[in-house]
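**Student:** Following this message is one structure expressed as structure tokens.
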Amino acid sequence: MRAGRTGLPVAALVPAVLRRRGAGERTDDEPLRVRGRHRARGAGLGAGGRRQPGPPRRGCPHCRPDGGSGAIVGAVALREIAVSPELFPGFHDVAVLGVGRRSTVYRAVEDGTGRPVALKVVGTEGATPAALEAFARESAVLAALGSHPHIVTLYRTLAVAPRPILVLELCRGSFAARLRRGRMPVPEAVAAVVRIAGALATAHSAGVLHRNVCPATILVTEFGEPALADFAIARLHDAGLPAAELLDYPGPHAAPEVLLGQQVDERTDVYGLAATLYELLAGRPAFGEMAGEPVAATILRILRDPARPLAGVPVELSDVVVWGMAKEPCDRPPTVVWFADELRRIQTRQRWVRTDMLVRTARVPVSSSRPAPLTRMPPQRPTPPAPPPVVAPPSLPRAPVRARPAR
């Protein structure tokens, strides 16, 4: 049974799975399956017990080539998918980039302009009301925020029956793909996260929570800049919906409150941003799946174990990252701007190039087609308490001054 069919948050299934395993019963990890973390044919264990991906013989509906979540099939299966030109009028040289349960992404060239674009279409599960709602939400969010230099640009939306199409900026890779070459240099990773913090702060100013910040949702533009993508599960602050609707295990970057089905806020994205920086600096997630470990045990480590300090980085940087990954939201930095300001102060003390964080105000839905100008967010520091009022001591009565007699 899939977790999405139980109506319960993922963490509600963990105790039952572990009890059955402890009793020696055979269990099905499918309710807690990590998308993109199955053992494909040809995959094996490498040094240190870490799984080494091998060439799958067939496309898996839960993986994508860059190793991230999002349910994209392997390159072998992509070549077998035929694209009908009639499906995308106004575009040519259409090829499949990835297929998932929620969406299918194509690479294409726009007629007239010759601009390469990415076409995102409602996924293989069909144009269900939930899928159409997610597409409408992502379209509205990107229309409001897409002018930010570190958010993927939405060019336009096409109402092509039977599914809508998002015409998006075509990016050349993702941070998940970059991690296949090893961990990032420390100054580069910190600078990239500060830029993404500006994108998240812009989304938060519009009342939007991303809820899925991870290396797979941070793309790399043709200019080499990071760009935040995948707002399909984003939610507005005032929607009043808890995270319990995330019924599939989203991966090792998910905040504990997401796994527990509790209410989420800006600090949930702080956790995702800190967990992403942890992986960029360490080359692996803080709570990655261990060899032979059930996914239920991985979730329990996320809920219970603190993140280990990072090696090979300044101690103050490790402390800030671990602070951002605190289990309780109240123990984390209150905003992504606060978290990024701590990183920028570390840049100054370490004599790295200090990164500008671009934040603008926005609204969803957009009432005006003109984007608000970009501004540099000043550092946010806690406001010191006002000093107590100074009360003058009561003055003693003074004797009247007698006039000096005239001479």
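**Student:** Calculate one ³J(HN,Hα) per residue across segment 142-153 by plugging θ = phi - 60° into the Karplus curve 6.51 cos²θ - 1.76 cosθ + 1.60, and present them in order as whole Hz with x for glycine and proline.
**Tutor:** Karplus values, whole Hz, x for Gly and Pro: 5, 5, 7, 10, x, 6, 5, x, 10, 10, 4, 7.
**Student:** Taking only the alpha carbons of segment 90-170, what extent do you get along each of the three principal axes, in Å, biggest first?
**Tutor:** Taking the Cα atoms of segment 90-170, the three principal extents are 33, 28, 20 Å.
**Student:** Continuing with this model, one more query. Report, to two decimal places, the Cα Rg of segment 173-376 normalised by 2.2 N^0.38 Å (N = number of residues).
**Tutor:** Taking the Cα Rg and dividing by 2.2 N^0.38 Å, one obtains 0.99.
**Student:** Still on this structure: To two decimal places, what compactness ratio does segment 141-229 give when its Cα radius of gyration is scaled by 2.2 N^0.38 Å?
**Tutor:** For segment 141-229, the normalised Cα radius of gyration comes out at 1.15.
**Student:** Mean 1/r over all different Cα pairs, inverted: what Kirkwood radius does segment 248-312 give, in Å?
**Tutor:** 12.4
**Student:** State the answer as a single residue: which of Thr355, Pro329, Ser318 lies farthest towards the positive end of the charge dipole of segment 317-361, with beta carbon charges of +1 for Lys and Arg and -1 for Asp and Glu, about the Cα centre.
**Tutor:** Thr355
**Student:** Stretched out fully, how many nm does the piece from Val353 to Leu158 gain, at 0.36 nm a residue minus the Cα gap?
**Tutor:** 66.1 nm
**Student:** Residue-wise, which Karplus ³J(HN,Hα) couplings in Hz belong to segment 344-353, taking 6.51 cos²θ - 1.76 cosθ + 1.60, θ = phi - 60°, and x for glycine or proline?
**Tutor:** 5, 5, 5, 4, 5, 5, 8, 6, 8, 5
**Student:** Which cross-chain or sequence-distant (5 or more) residues have an amide H under 5 Å from the amide H of Phe88, H modelled 1.01 Å from N in plane?
**Tutor:** Under 5 Å from the amide H of Phe88: no residue qualifies.
All of the numbers you see were taken from the coordinates with simple rules; none came from a lab. Nothing here was measured: the structure is a model prediction, and the numbers come from that model. Every residue, glycine among them, receives a Cβ derived from its backbone with ideal geometry; neighbour counts consider all protein chains shown.
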